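Shown next, in structure tokens, is the structure this report addresses.
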Amino acid sequence: MKILNYYSLLLVLCLVLSCGNNEKKETNQKTNSVVNKIKTGNNLVKGARDLAAESEALKKLTPISVETLKAFFPETIYGMPKTNSNALDMAGASMAFAIYGQNTSKQINIRFFDGAGEKGSAATASYRAIKYDKTNKEEYGDYTITKAYEDSMVKEHFDKGQNRYTLEFFYNGRFAVNLKVTGFEQKDVWPIFKEFKLNNLIK
């Protein structure tokens with residue numbers, strides 16, 4: 001009888017301890033969830049403030065002239081001849097584009113906005129926010145990821161069917177860049193962009 005009472009008491013103690021541990025785990029999980037939400041909220045607030053500060057700094061800059069942008073593009077990039085290029089004033093924001101390669105299966109297409117000035121700052125806002133984008137998805141060989149190339153956070157999309165890489169990013173604190181590279185390997189994409197030497201526009 002004493003043995004039975006001993007085991008009964010032991011069972012009750014185990015149940016009490018188990019319930020206590022479960023309550024502790026639930027409390028910890030709830031606490032962690034709240035902490036994570038606070039961290040996320042703080043990051044969003046900081047990100048919004050940083051973007052606002054960047055916007056104000058860009059508004060004080062003088063946009064690059066359309067004439068300068070028209071004369072900017074080199075005749076060849078990565079061995080590909082230039083087939084078309086132009087620069088425009090898009091309601092106060094300076095934009096330029098160029099295409100290299102006559103065959104659409106192997107082609108380089110670049111477009112960029114100058115972030116300077118009131119309109120330029122507004123036009124580049126979504127590109128400046130890419131550094132806060134945590135997109136990372138893959139499906140049927142296609143993918144979209146946000147990754148670092150040197151000092152730039154880049155949203156990179158790969159279309160397997162077209163063998164095309166599309167890069168979107170804000171470069172050197174000034175330019176919103178959209179680069180499409182078709183028919184090349186992934187390792188060639190960033191070197192292709194670097195050949196444009198956008199830094200030369202603001203020296």
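Just give me the residues in the range 146-155 being closer than 30 Å to Glu67 by Cα and either of a type in the set (A, V, I, L, M) or part of a strand (DSSP E or B) (or both), in sequence order.
Tyr149, Ser152, Met153, Val154, Lys155 - these are the residues of the range 146-155 that are closer than 30 Å to Glu67 by Cα and either of a type in the set (A, V, I, L, M) or part of a strand (DSSP E or B) (or both).
Considering (1) closer than 24 Å to Glu139 by Cβ; (2) part of a helix (DSSP H, G or I), say which one Phe193 fails and leave the rest.
The failed condition is (1).
I need the full set of residues from the range 165-190 which are of a type in the set (Val, Ile, Thr) and assigned to a loop (DSSP other than H, G, I, E, B), in order please.
none
Output the number of residues of the range 56-70 satisfying the condition of being assigned to a helix (DSSP H, G or I) and under 26 Å from Lys197 (Cβ atoms).
Number satisfying all stated conditions: 8.
Here's a check for you: in the range 74-107, which residue that is of a type in the set (Val, Ile, Thr) and in contact with a Ser or Thr (Cβ under 8 Å, 6 or more places away or on another chain) is surrounded by the most Cβ atoms within 10 Å (Cβ to Cβ)?
Ile99
Looking at the range 130-145, which of its residues are of a type outside the set (Asp, Glu) and either surrounded by 14 or more Cβ atoms within 10 Å (Cβ to Cβ) or in a loop (DSSP other than H, G, I, E, B) (or both)?
Ile130, Lys131, Tyr132, Lys134, Thr135, Tyr140, Gly141, Tyr143, Thr144, Ile145
If you check Ala123 against the conditions, is it at pLDDT 95 or above, surrounded by 15 or more Cβ atoms within 10 Å (Cβ to Cβ) and of a type in the set (Gly, Ala, Ser)?
yes
Mind checking whether some residue in the range 108-117 is farther than 30 Å from Gly79 by Cβ, more than 16 Å from the chain's Cα centre (by Cα) and outside any loop (DSSP other than H, G, I, E, B)?
yes
Exactly one condition in (1) touching a residue at least 60 places away in the same chain (Cβ under 8 Å); (2) closer than 19 Å to Leu198 by Cβ is false for Ser105; which is it?
Of the numbered conditions (1) touching a residue at least 60 places away in the same chain (Cβ under 8 Å); (2) closer than 19 Å to Leu198 by Cβ, the odd one out for Ser105 is (2).
Inspect the range 191-202 for any residue being among the aliphatic types (A, V, I, L, M), over 21 Å from Phe73 (Cβ atoms) and surrounded by fewer than 18 Cβ atoms within 10 Å (Cβ to Cβ) and give the result as yes or no. Steps first, please.
Let us first name the residues in the range 191-202 that are among the aliphatic types (A, V, I, L, M), namely 192, 198, 201-202.
Of the ones still in play, those that are also over 21 Å from Phe73 (Cβ atoms) are none.
The answer is no; no qualifying residue exists.
Can Ser121 be described as farther than 26 Å from Ile64 by Cβ and small (Gly, Ala, Ser)?
Spelling it out, it is not the case that Ser121 is farther than 26 Å from Ile64 by Cβ and small (Gly, Ala, Ser).
Being touching a His at 6+ places or on another chain (Cβ under 8 Å) and of a type in the set (Asp, Glu) is true for just one of Asp142, Asp133, Asp159, Asp114. Which residue is that? Spell out the reasoning first.
Numbers: Asp133 fails: touching a His at 6+ places or on another chain (Cβ under 8 Å); Asp159 fails: touching a His at 6+ places or on another chain (Cβ under 8 Å); Asp114 fails: touching a His at 6+ places or on another chain (Cβ under 8 Å).
Exactly one of Asp142, Asp133, Asp159, Asp114 is touching a His at 6+ places or on another chain (Cβ under 8 Å) and of a type in the set (Asp, Glu), namely Asp142.
Check the range 156-164 and report whether any residue there is assigned to a strand (DSSP E or B), touching a Leu at 6+ places or on another chain (Cβ under 7 Å) and surrounded by 18 or more Cβ atoms within 10 Å (Cβ to Cβ).
Yes, the range 156-164 contains at least one residue that is assigned to a strand (DSSP E or B), touching a Leu at 6+ places or on another chain (Cβ under 7 Å) and surrounded by 18 or more Cβ atoms within 10 Å (Cβ to Cβ).
The values are calculated or read from the model by the stated rules, or taken from the named source; none is laboratory data. Only a predicted model underlies this, so the values are computations on that prediction, with no experimental measurement involved. All Cβ positions, glycine included, derive from the backbone under ideal geometry; neighbour counts span all protein chains shown.
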